[in-house]
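Below you'll find the structure, written out as structure tokens, and then a few comments.
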Amino acid sequence: MAAPDSPSTALRRRDLCSRGIRLAGKMRADVVDLLDTYVEQQGLDASASVAAVEGVPLAAVERWDEQTGTQRLLENLAAYRAFRALLAQMLEEQREQLGEADAGLGRALAAVLLQVSAFAYHLEELLRLESRGVPSEEEDGPPPLPRLSLFEQKLRGLGVLRELAQWAVRSARDLRQLAKPSPATGTGPGLAESP
Amino acid sequence: PQNLKCLTHNLHKMVCTWDFSSRGRRRQTDFCYTTNDLTPQVCFKTKERRAEIPVPESSITVTIKTPGTAFATKEFTIHQKDISFVPVTPHILSLTPGFPTSTLNLKWSDNGSVFPYGLDALWQIQILRKEAMEEVTQVAYYSKLTHEDVILSWNWTSDIPLECTSHYVKIRCYINATQFVGPKDWSDWSPAEVIPGKDTEPGGSGVFPLDAVVAVGSDVTFCCVHEEDQRITNMTYGSKSYTMMQLSSRSHAIRVLNASASNSSGTNVVCRLENGMDGSVVFVGYAPDTPQNLSCETSNFLIIKCTWKPGRPSGLYGARRTKYSLFERISSKNVSCEVNEMNRDRVCGFPVLPDQKTYDFILGVSNPIGQAQSSLLVDITQRVHPKTPEKLTVTGNNSTSIQLRWFINGSFTGIRLLCQIEIVSGHSEKKLHNVSMPGGKSSSYTAQLNGLHPNTKYQFSVRCSAADHFWRWSDWSRGLEQTTSEAPPS
């Protein structure tokens with residue numbers, strides 16, 4: 001049984017969690033806006049169903065309630081690292097395909113990429129708070145993405161943004177779960193324990 | 001022996017065939033021929049009912065003897081007019097697909113070495129398509145036989161992507177041997193060469209053409225290749241659904257007429273299947289316009305700056321954008337230009353070359369749809385547009401004269417400069433004073449202004465240009481205020 005947090009650690013965690021929740025909320029709003037722009041600019045059908053895209057982490061999770069705090073953070077971190085690589089690829093493809101045209105979409109993509117990077121760093125801070133080793137990038141670095149046709153690139157982009165929007169919701173829920181004080185001591189439990 | 005028929009493939013030799021009035025087992029036959037009274041008869045034995053003998057200039061007499069049967073001997077006189085001339089069936093050497101451009105390249109030998117010099121040959125090339133090998137087109141191709149085997153090459157652009165369904169090519173030949181008086185006919189068709197479509201490949205699927213670039217106004221066929229058991233619900237181009245044509249059991253197509261310009265990310269062509277979706281993107285744009293108002297100048301004799309008006313935007317961006325290059329014919333130097341598609345001004349820099357005054361520029365413009373060019377012959381010493389003079393300062397001052405100095409970035413050692421000084425005095429009286437001097441290399445220049453009024457505030461500004469062969473003034477320098485000193489007591 002891990003020793004409960006010191007008051008300062010619990011306070012620090014709650015602060016990080018609440019800032020993380022706000023960041024996730026902002027990210028979700030921006031991703032939803034970006035999705036609308038992306039669908040229109042890429043000439044896609046907003047209702048198009050996109051099969052699971054290789055390399056895109058799924059937000060849906062079974063037995064969400066049973067996850068430990070560490071599992072939540074590690075899964076979140078792996079997901080946002082993957083999104084960081086996916087968004088960077090999208091940005092590169094965007095520049096390659098469109099050059100200077102539609103710079104607006106490029107800027108919006110870059111802005112979301114920045115937020116995803118910031119959120120990943122935020123998750124690393126939470127893990128460091130618990131003196132949990134932060135997995136190095138190679139451990140769960142994303143596999144190289146296959147070269148796709150332009151239409152497949154468009155669909156993948158759609159899939160990435162949709163899933164990222166879902167992850168932002170899940171992350172906020174995960175962080176709320178982490179921020180909950182432990183009923184016994186009134187301070188936050190060690191990450192390993194928190195369901 | 002009866003029904004003797006002779007046919008030649010090469011106007012030299014002919015194959016004669018015959019049959020026998022009564023049936024029976026194959027007999028040994030004596031076959032003799034003579035072309036005219038002067039040449040001895042040639043005989044040989046054969047069990048075949050065919051023999052290869054020379055094509056006569058006018059006629060040939062053939063005697064076929066079959067020992068041991070009634071009516072054993074039969075003599076035939078064959079005139080050239082009785083001999084049919086049918087060229088050998090052509091042989092396709094290669095059929096090469098160009099998938100990105102939907103082109104087929106056909107290569108075959110004209111087999112000219114077997115014919116005398118200078119015969120006209122007519123080829124028919126037949127293109128067939130789909131599983132049912134429906135004829136798409138039949139094209140005539142003319143060539144001249146030169147008594148050598150020449151490899152002929154021919155290109156054809158399909159109106160549908162080659163991936164959509166299998167394409168077959170056959171070829172046959174007719175030789176217009178005017179000196180030959182016998183009946184002439186087409187050769188047989190060659191065996192068909194095939195370029196298999198994706199709809200014949202196990203697992204082959206997708207929408208084609210894949211990520212193509214086409215000109216505005218084009219008629220384009222898109223196809224969706226799918227698995228045998230998959231059913232297509234619809235095919236859309238942009239937001240519009242189109243009536244589908246079936247090419248094969250695994251390939252359906254739509255035909256888009258007069259395609260309009262696509263937006264920067266291209267127009268999506270989507271094939272919706274029962275359990276999924278496939279798609280492609282097509283970029284519909286314009287070939288580059290011929291660049292207008294090409295003009296080149298130098299501000300420093302280090303770089304030549306060329307500018308032009310691009311004309312109508314191509315509508316193509318990124319990897320498909322219009323690219324520009326500046327080629328200089330005298331030095332054969334080529335420079336590719338970095339151009340921002342979004343801003344209207346087009347600029348390209350070319351280095352001033354040692355000991356070269358005249359430049360014969362060709363501005364080449366190209367994108368995946370087409371290309372254009374403009375040219376300009378220019379003597380760069382007659383296209384000097386100096387940079388704005390800087391650091392205008394007063395270096396000498398008395399009651400009636402002022403000495404000014406300024407700096408111009410650039411190397412003008414080969415020319416004379418003409419500078420104009422604007423003198424504005426307090427009474428808003430404006431005068432222009434011209435001064436010329438030898439050009440220097442990134443150096444300062446001075447001028448003495450006399451005849452000024454004592455104790456008077458003046459505003460000076462300077463601009464410069466080439467003294468010989470004026471092209472353009474530089475911009476005015478920043479203004480400088482100076483008051484002349486008081487006149488000495490007289």
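Please treat every number below as a calculation from the coordinates, not as lab data. The shown structure was predicted, so the numbers you read here are calculated from the model rather than taken from an experiment. Don't worry about glycine lacking a Cβ; one is built from the backbone with ideal geometry, like all the others, and counts go over all protein chains shown.
Between the amide H of B:ASP211 and those of B:VAL281, distances stay under 5 Å, these residues lying 5 or more places away or on another chain, with hydrogens modeled in the peptide plane. This model, with +1 at the C-beta of Lys and Arg and -1 at the C-beta of Asp and Glu, gives the protein assembly as shown a dipole about its Cα centre of some 880 debye.
Between the C-alpha center of the range B:432-490 and that of the range B:75-132 there is a gap of 83 Å. When B:PHE350, B:PHE470, B:PHE222, B:PHE327 are sorted by how many other C-beta atoms sit within 10 angstrom of their C-beta, beginning with the fewest, the order is B:PHE470, B:PHE327, B:PHE350, B:PHE222.
Report note on the peptides B:280-287, B:229-236: ranked by the mean count of other C-beta atoms within 10 Å, highest first, their order is B:280-287, B:229-236.
By the gyration tensor of its Cα atoms, with a ≥ b ≥ c the square roots of the eigenvalues, what is the shape of the protein assembly as shown: rounded for a/c under 1.5, prolate for a/b over b/c, or oblate?
Oblate is the answer for the protein assembly as shown, as a/c is 1.5 or above yet b/c matches or exceeds a/b.
Summing Lys and Arg as +1 and Asp and Glu as -1 over all other residues whose Cβ lies under 14 Å from the Cβ of B:SER443 gives a net charge of +4. Count neighbours as other Cβ atoms within 10 Å of each site's Cβ, and list the GluC sites (Glu not before Pro) in the range B:74-170 that are DSSP loop with at most 12 such neighbours. Sites meeting the loop and neighbour criteria: B:GLU148. For A:SER171, neighbours were defined as the other residues whose beta-carbon sits under 11 Å from its Cβ, and their charges (Lys and Arg +1, Asp and Glu -1) total +3.
Footprinting exposure proxy ranking of B:CYS348, B:CYS464, B:CYS43, fewest other C-beta atoms within 10 angstrom first, gives B:CYS43, B:CYS348, B:CYS464.
With a 10 Å cut-off around each Cβ of B:266-274, the average count of Cβ atoms from other chains is 3. May I ask which of B:LYS13/B:LYS184; B:LYS323/B:LYS441; B:LYS391/B:LYS431; B:LYS357/B:LYS391; B:LYS387/B:LYS457 have a Cα-Cα span longer than 25 Å here? Over 25 Å apart, Cα to Cα: B:LYS323/B:LYS441; B:LYS357/B:LYS391; B:LYS387/B:LYS457.
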